[in-house]
Amino acid sequence: MRRRTGLAVAGAAALVWGEWLNRRWSRALVGDTESGDTEGAGASSAVVVLGYRNSRATVNVVNRWRVRAGIRSVTTPDGGHGTRVIFSGGTTGDGPTEARLMADYARSALGFDGPVLLEDRSTTTWENITNVIPLIEDVDRIKIVSQPAHALKARAYLRRQRPDLAERLVRADDYRPGEWIVLKPLLALYGLWTLRALRPWERQPGA
């Protein structure tokens, strides 16, 4: 009985830890504007959705979730027509690029009909940021969408490459309490590993 209780407590603690760390990452290196707020009058914005290892001819489950998170991060009153959505990702196989697969999914499965741009050459996160910079230079707000640790890494890369554009970063809607809850401890562990090369201030909320 004690062993089962101990395992239950440990499991609950792991879930809480995973939620806390993913929430913390989702709020790091962004401005004060909340993702749920209506965009200010006259403000332009871009939502950058990063692709994930799509070697097949159909969009994978991770990229489907990222597209959904990207579309729900579009918060303009006109349903997205004032916000450009940029899908970023090249090809990792013989099929279409990640950017193309994600864009097609957004149109066909989610019915998104707002402005879409494709960045279809990148194969690394650093390249994602390098290659989307020309597509986001003229907007007032920038949201980067992925799993929270990966999005934080991309925001840190934008700070390194273009600090002026990084000042325009705001939160995306890529973290929600309870979403992927069972996997969040694993995502947190993987996130700690993938963020290990970042400078300490790049990992901290409000840095």
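The values are calculated or read from the model by the stated rules, or taken from the named source; none is laboratory data. All values reported here derive from a predicted model rather than from experimental measurement. Glycine gets a Cβ as well: all are built from the backbone with ideal geometry, and neighbour counts include every protein chain shown. All accessible areas refer to the heavy atoms of the entire protein, side chains included, with ligands and DNA or RNA removed. Shrake-Rupley method; radii C 1.70, N 1.55, O 1.52, S 1.80 Å.
Provide the FRET efficiency to the nearest 0.05 for the Thr194-Asp140 pair, computing r from the beta carbons and using R0 = 30 Å. Walk me through the numbers on the way to the answer.
Details: r = 29 Å, r/R0 = 0.98.
With a Förster radius of 30 Å, E is 0.55.
Per residue, region 80-143 exposes an accessible area of 44 Å² to a 1.4 Å probe, with every protein chain left in place.
Around the amide H of Asp140, modelled in the peptide plane, lie the amide H atoms of Ser44, Ser45, all under 5 Å away and 5 or more residues distant in sequence or on another chain. The separation of region 70-129 from region 142-207, counted between C-alpha centres, amounts to 18 Å.
Here region 57-207 has 56 percent of its accessible surface on carbon and sulfur atoms, given a 1.4 Å probe and all protein chains in place.
Scanning residues 5 or more positions from Ile86 or on other chains, those with amide H under 5 Å from its amide H are Val47, Val48, Val49, Leu117, with H placed 1.01 Å from N in the peptide plane. Put simply, when 157-164, 145-152 are sorted by average Cβ atoms within 10 angstrom per residue, most first, you get 145-152, 157-164.
Compute the semi-axes of the equivalent ellipsoid of region 80-207, taking the square root of 5 times each eigenvalue of the Cα gyration tensor, and list them largest first in whole Å. Show your work: numbers first, answer last.
Numbers: eigenvalues 107, 72, 51 Å².
So the equivalent ellipsoid measures 23, 19, 16 Å along its semi-axes.
Note on region 70-189: with charges restricted to the Cβ of Lys and Arg (+1) and Asp and Glu (-1), its dipole about the Cα centre is near 440 debye.
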